[in-house]
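A.B. asks: What follows is a single structure, and I will ask about it in a moment.
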Number of protein chains: 2
Amino acid sequence: MYKYLREEIKNLKAYRVNEMEYKVKLDANEGIDWMDGLNRYPLDRSDELREKLAKNLHKRAQELLLGNGSSELIELMMKAYLEAGETVVSISPTFSMYRIFTIIHKGRYEEYPLDGMERIDVDRFIEFVDEKNAKLVVLCNPNNPTGSLIPKEDILRIISSVDAMVVLDEAYIEFSDYPSGDDTGEFKNLVVLRTFSKGMALAGIRLGYMIGHEEIIGYINRVRSPYNVNVLTQSVGIKALEGEGTTKKNIEMIKSERCRMKNELEKMGFKPLDSQANFLFFPGEMGLGNSLAEKGILIRSFGGELEGFYRLTIGTPLENDAVLKAIEEVQNERSKLK
Amino acid sequence: MYKYLREEIKNLKAYRVNEMEYKVKLDANEGIDWMDGLNRYPLDRSDELREKLAKNLHKRAQELLLGNGSSELIELMMKAYLEAGETVVSISPTFSMYRIFTIIHKGRYEEYPLDGMERIDVDRFIEFVDEKNAKLVVLCNPNNPTGSLIPKEDILRIISSVDAMVVLDEAYIEFSDYPSGDDTGEFKNLVVLRTFSKGMALAGIRLGYMIGHEEIIGYINRVRSPYNVNVLTQSVGIKALEGEGTTKKNIEMIKSERCRMKNELEKMGFKPLDSQANFLFFPGEMGLGNSLAEKGILIRSFGGELEGFYRLTIGTPLENDAVLKAIEEVQNERSKLK
């Protein structure tokens with residue numbers, strides 16, 4: 001089970017937090033309560049939230065680890081598994097932080113270019129991982145910023161074929177029509193990352209979670225900072241789990257709006273990629289993002305190799321209508337200038 | 001100014017977050033609001049809180065960086081400055097996470113033993129740092145778990161003599177009678193870490209901050225995860241800054257109680273070290289911590305080289321009385337058994 005784990009982490013013990021019942025608690029250098037009990041450290045492993053979440057997911061609590069956004073969870077995987085100079089493989093284009101985190105954690109980053117920015121040739125990808133001697137494979141699925149989804153059978157084939165730890169970042173999975181990879185608990189080279197930021201629409205609280213074999217979760221706890229999820233986030237997280245009806249309704253609305261927006265953008269001459277996430281990705285005229293921003297409409301523009309590409313989050317019908325109207329205005333203004 | 005910075009970080013650009021005014025915001029894949037606007041990501045650099053805090057500290061906002069507890073800030077320093085295999089020097093005993101973080105960030109950890117667990121021989125320490133070829137020097141001041149303080153003139157001498165970055169962890173500085181090192185802004189090899197967990201008594205929100213030269217803060221922002229401090233913590237942090245009167249009063253009370261508790265413990269035969277923090281550190285009979293825990297009184301026991309040492313946080317007068325009473329009971333029970 002220690003497979004792939006960094007040598008130094010095999011001998012590292014997790015920082016142990018004492019969570020006993022008490023009448024007087026003077027063991028953690030906490031101060032005097034003056035703001036609703038916030039003088040106390042949070043539960044180190046977010047026990048109540050973790051247990052409720054586990055129940056919802058039909059998992060056991062020890063198969064989950066919570067973090068300050070998925071960002072922290074990606075970094076924890078690198079801390080535990082990546083020796084200096086070892087390689088992380090991902091696809092391209094994808095979430096730019098994978099590359100940045102790899103550099104920060106002293107690794108090398110190699111990207112496998114998707115065909116037409118969408119499709120992965122699974123056999124070639126497995127070969128690529130092998131050639132690069134990757135220690136970690138990070139796959140964002142559905143992928144950000146493209147919105148495309150690697151089918152589950154391909155994901156399974158990748159996990160079972162590569163000689164590396166696989167990090168499956170499912171930040172956007174709630175918007176997909178296809179099943180997640182989170183029932184792949186028999187794999188000992190996989191963790192699945194999820195977040196409260198997207199489907200749960202709680203980006204402000206910074207809450208992500210990792211699903212994995214309990215032995216892997218145990219290793220990751222060794223490199224996790226004590227008390228990594230604050231009291232307020234844990235408490236809103238618990239409350240949010242009770243509101244699943246609302247978020248599910250919103251997700252259905254976004255999926256339906258995604259379909260409408262794709263059609264509308266196509267009518268306007270754009271070619272958005274098929275998306276299984278809460279956004280659409282498409283090439284457009286240079287400066288489109290700036291022109292929209294001048295009208296108070298923010299969409300994501302990209303630089304570098306993705307210059308000229310845009311990513312539009314699907315909002316409420318009203319917000320989406322405002323975007324369509326603004327794009328039309330920009331197009332009209334430009335055609336007058338020609 | 002790039003001195004000491006990791007090679008890879010010299011070329012790394014920080015992840016850029018767009019924070020423009022807007023009517024419709026569809027650039028960050030946020031969901032539909034259903035819980036008080038928590039669908040939005042926090043301000044990436046905690047601008048409002050950072051500006052208010054800067055004002056209180058008579059600093060400029062660009063000299064501050066906020067984190068998910070000081071833990072994150074210690075890690076950020078290692079991410080930016082520590083190449084694989086490079087050395088971090090600290091004192092012993094001290095906060096155990098320095099060692100753990102060093103291992104996680106692929107460094108070597110070397111500890112300089114304090115004389116009598118309290119005093120540092122500055123010349124010998126500077127030599128030690130030099131011999132070990134340290135890249136980072138981490139000093140907890142006042143020190144945890146001992147409570148002892150390195151005088152400011154010694155700190156200044158260390159900073160100006162070592163060929164390394166110095167991280168001055170002032171988590172407990174508000175409880176000290178002596179000045180902090182935070183007016184050492186002319187040093188380009190120093191950052192000072194502070195926290196809302198101790199003097200501000202808000203451990204639950206996980207909020208720490210780094211004070212340093214604005215160029216250093218700029219480098220650290222390159223290795224900081226986007227949106228590292230959540231909305232709720234930023235908001236409570238802002239509110240807390242308005243309540244400084246209360247926290248100052250509580251700090252005075254703790255300082256006075258620290259004096260009383262030291263005397264009382266001495267009367268009971270213990271020998272606590274002089275403390276400039278909100279706790280007392282003393283050797284005691286084996287099992288004292290467990291005996292107290294059975295009575296519902298939690299104090300910190302240590303293992304390893306500190307086996308038989310205890311750290312007692314100074315609480316309210318009532319809590320402190322309860323501890324004294326419980327210790328007396330334990331002592332009586334034990335003397336009866338003899």
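A.B. asks: Quick one: how many residues across region B:83-111 are open to solvent by less than 10 Å² (accessible area, probe 1.4 Å) and away from chain A (no Cβ under 14 Å)?
C.D. replies: 3
Each row is one residue, and each column tells you yes or no for (1) farther than 25 Å from B:LYS198 by Cα; (2) among the small types (Gly, Ala, Ser).
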{"site": "B:GLU127", "(1), (2)": "yes, no"}
{"site": "B:LYS132", "(1), (2)": "yes, no"}
{"site": "B:VAL137", "(1), (2)": "no, no"}
{"site": "B:ASN143", "(1), (2)": "no, no"}
{"site": "B:LEU149", "(1), (2)": "no, no"}
{"site": "B:LYS152", "(1), (2)": "no, no"}
{"site": "B:ILE155", "(1), (2)": "no, no"}
{"site": "B:SER161", "(1), (2)": "yes, yes"}
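A.B. asks: Also: Please specify each residue of region B:1-24 satisfying the condition of being crowded, with 20+ Cβ neighbours inside 10 Å and over 33 Å from the mean Cα position of the chain (by Cα).
C.D. replies: Result: B:VAL24, single match.
A.B. asks: Residues of region B:165-179 being open to solvent by 20 Å² or more (accessible area, probe 1.4 Å) and without any contact (Cβ under 8 Å) to a residue 60 or more places away in the chain, which ones?
C.D. replies: The answer is B:PRO179, and nothing else.
A.B. asks: Any idea which residue in region B:308-318 is surrounded by the fewest Cβ atoms within 10 Å (Cβ to Cβ), counting only those that are at the interface with another protein chain (Cβ under 10 Å from one of its Cβ atoms) and under 16 Å from B:CYS259 (Cβ atoms)? Explain how you work it out, then say what you get.
C.D. replies: As a first pass, look at region B:308-318 and keep what is at the interface with another protein chain (Cβ under 10 Å from one of its Cβ atoms): B:310-316, B:318.
With under 16 Å from B:CYS259 (Cβ atoms) added as a condition, the list becomes B:312-316.
Values: B:LEU312: 30, B:THR313: 25, B:ILE314: 29, B:GLY315: 23, B:THR316: 16.
It comes out as B:THR316.
For every residue, the table says whether it meets (1) in contact with a Gly (Cβ under 6 Å, 6 or more places away or on another chain); (2) of a type in the set (Asp, Glu); (3) surrounded by 24 or more Cβ atoms within 10 Å (Cβ to Cβ).
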| site | (1), (2), (3) |
| --- | --- |
| B:PHE196 | no, no, yes |
| B:ALA201 | yes, no, yes |
| B:GLY204 | no, no, yes |
| B:GLY208 | yes, no, no |
| B:ILE211 | no, no, yes |
| B:ASN221 | no, no, no |
| B:PRO226 | no, no, no |
| B:ASN230 | no, no, yes |
| B:LEU241 | no, no, no |
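A.B. asks: Still on this structure, please answer the following. Among (1) of a type in the set (Asp, Glu); (2) within 11 Å of chain B (Cβ to nearest Cβ); (3) in a loop (DSSP other than H, G, I, E, B), which single condition is A:GLU186 missing?
C.D. replies: (2)
A.B. asks: In addition: Test B:GLU48 against the stated conditions and say whether it is open to solvent by 10 Å² or more (accessible area, probe 1.4 Å), more than 7 Å from chain A (Cβ to nearest Cβ) and at pLDDT 95 or above.
C.D. replies: So B:GLU48 fits the description; yes.
A.B. asks: Return the only residue of A:TYR15, A:TYR2 being at pLDDT below 95, within 10 Å of chain B (Cβ to nearest Cβ) and closer than 30 Å to A:MET165 by Cβ.
C.D. replies: Of A:TYR15, A:TYR2, the one residue that is at pLDDT below 95, within 10 Å of chain B (Cβ to nearest Cβ) and closer than 30 Å to A:MET165 by Cβ is A:TYR15.
A.B. asks: Any idea which residue in region A:25-42 is surrounded by the most Cβ atoms within 10 Å (Cβ to Cβ), counting only those that are assigned to a loop (DSSP other than H, G, I, E, B) and hydrophobic (A, V, I, L, M, F, W, C)?
C.D. replies: A:LEU38
A.B. asks: Can you tell me how many residues in region A:20-45 are touching a Leu at 6+ places or on another chain (Cβ under 9 Å) and either touching a residue at least 24 places away in the same chain (Cβ under 8 Å) or more than 10 Å from every other protein chain (Cβ to nearest Cβ) (or both)?
C.D. replies: Within region A:20-45, residues that are touching a Leu at 6+ places or on another chain (Cβ under 9 Å) and either touching a residue at least 24 places away in the same chain (Cβ under 8 Å) or more than 10 Å from every other protein chain (Cβ to nearest Cβ) (or both) number 4.
A.B. asks: A follow-up question, please. Any idea which of (1) within 30 Å of B:SER301 (Cα to Cα); (2) surrounded by fewer than 24 Cβ atoms within 10 Å (Cβ to Cβ); (3) among the aliphatic types (A, V, I, L, M) is the one B:ILE158 doesn't satisfy?
C.D. replies: (1)
A.B. asks: Name the residue that is most open to solvent (accessible area, probe 1.4 Å), counting only residues in region A:116-154 that are within 17 Å of A:ASP177 (Cβ to Cβ) and over 16 Å from the mean Cα position of the chain (by Cα).
C.D. replies: The extreme case among them is A:GLU153.
A.B. asks: Could I ask something else about it? Those residues that are within 23 Å of B:ASP274 (Cβ to Cβ) and crowded, with 16+ Cβ neighbours inside 10 Å, I need them from region B:293-307; list them, please.
C.D. replies: Residues satisfying the conditions are B:ILE299, B:ARG300, B:SER301, B:PHE302, B:LEU306.
A.B. asks: Next question, about the same structure. Could you list, in sequence order, all residues of region B:270-289 that are open to solvent by 60 Å² or more (accessible area, probe 1.4 Å) and either more than 27 Å from the chain's Cα centre (by Cα) or in the same structural domain as B:LEU114 (by TED's automatic domain parsing) (or both)?
C.D. replies: Passing the criteria: B:GLU285, B:MET286.
Matching residues to (1) crowded, with 20+ Cβ neighbours inside 10 Å; (2) at pLDDT 95 or above; (3) touching a His at 6+ places or on another chain (Cβ under 7 Å); (4) farther than 30 Å from B:LYS55 by Cβ:
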| site | (1), (2), (3), (4) |
| --- | --- |
| B:ILE254 | yes, yes, no, no |
| B:SER291 | no, yes, no, yes |
| B:ALA326 | yes, yes, no, yes |
| B:LYS336 | no, no, no, yes |
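A.B. asks: For region A:200-307, list the helices (runs of 4 or more DSSP H) that sit wholly inside it and hold at least 3 residues that are touching a residue at least 40 places away in the same chain (Cβ under 8 Å) and either at positive phi or within 11 Å of chain B (Cβ to nearest Cβ) (or both); which are they?
C.D. replies: Ranges flagged: A:231-241, A:244-267.
The values are calculated or read from the model by the stated rules, or taken from the named source; none is laboratory data. Just so it is clear, the model here is predicted, and its values are computed rather than measured. No Cβ is skipped: glycine too gets one built from the backbone with ideal geometry, and neighbour counts run over all protein chains shown. Note: areas computed on protein heavy atoms with side chains; ligands, DNA, RNA excluded. Shrake-Rupley method; radii C 1.70, N 1.55, O 1.52, S 1.80 Å.
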